[in-house]
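Here's the structure, in structure tokens; my notes come after.
Nothing in this text is a laboratory measurement; each read-out follows from the coordinates by a stated rule. Keep in mind the model is a prediction, meaning the values are calculated, not measured. Using ideal geometry, Cβ is built from the backbone for each residue, glycine included, and neighbour counts are taken over all protein chains shown.
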Amino acid sequence: MLRALLLQVTGDSHRGIGLSRASRSAFGGRLQVPAADGREAAERVLAPRRCAQRLLAVEQLVLARDGQPRERSARVLLRQRGVEHRIEHLIERQELFRGRFLHAFRDTVRLPDGGEATREYVVHPGAVVVVPLLQGPDGQLRIVLERQYRYPVGQVMVELPAGKLDAGEDPLRCGQRELLEETGYQAREWARAGQMHLAIAYSTEVIHIYFARDLSLGERQLDQGEFLDVFSATPEELMTWCREGAVTDAKTLSCMVWVHNVLSGAWPLQWQASDPMPLP
């Protein structure tokens, strides 16, 4: 399947990479590839065979939850072009632990200089974090937050609503589900902001970022054993807490970069109406 994807991406063109019209639109019409030395490079002219060989080098870096290689999107694969000299190649894989949703491995890899090293990491199913924008009674914009005890760090943390993806779950539906379950809020409009890799040194976890607005409050549906408080703060208050160290949750800190730029108009979002989550 991955080879078929690569052939579809590279196409038969002898002028760079032959992308479909939809793919060209996703890349903004022209694909600019940064050179290995960090300078902007002109569009590269590569024969399809050479391009496919380069993209195939990335295949073994990606793992599914069962530890087997899985496909990457064409966009992620293409971002690897020009950095092949930094890629590490799998030699051997050892399973260390399989829990309820975490899966740990120790891989032996071939380094760029030909040497060997071990990499220990956790395969995570991924998650979604939501920035719920609430219009207060006074018309002031507020952000819905949670306060809950996080056992690994032994602290009560202030954070944005978030939760892990169920198997095969769409990130938007996951965000809608988590927002309803944890806070009782549902949103009439949603916008995807982006994604973040939370701990790139030892985890595959990717967190999808969504904004939600036009909120209506219902009843929370907390999971068994889940205890948290729901409250709200203005963007200015939350930014102050981040600056002063009262908020140290990584996903919340990262999302505040988005909040600042969205509210300033620098990073516009594409809002879409969405049907509410069906109640159980």
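Tabulated data for the structure shown
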quantity	calculated
Spacing of the two label points (7 Å from each Cα toward its C-beta) at residue 250 and residue 275, in nm	3.6
Where labels lie 7 Å past Cα in the beta-carbon direction, separation of residue 240 and residue 189 in nm	2.8
Calculated P(r) of region 173-280 - Cα pairs past 20 Å, %	50
Relative exposure of 263, 180, judged by other C-beta atoms within 10 Å (fewest first)	263, 180
Neighbourhood charge, 14 Å Cβ-Cβ cut-off, centred on residue 262 and excluding it, Lys, Arg +1 and Asp, Glu -1	+1
Contact order relative to length of region 127-273, as percent, for alpha carbon pairs under 8 angstrom and 6 or more apart	30
Neighbour-count order for 223, 138, fewest beta carbons within 10 angstrom listed first	138, 223
Förster-model FRET efficiency, 45 Å R0, residue 217 and residue 92, C-beta, rounded to 0.05	0.30
Order of 202, 121 - criterion: other Cβ atoms within 10 Å of each residue's Cβ, fewest first	202, 121
In region 90-190, the trypsin sites (Lys or Arg not before Pro) that fall in loop regions by DSSP, at most 14 other Cβ within 10 Å	100
C-alpha center-to-center spacing [region 152-203, region 230-280] in angstrom	12
Ordering of 228-238, 247-257 by burial proxy (mean other Cβ atoms within 10 Å per residue, highest first)	247-257, 228-238
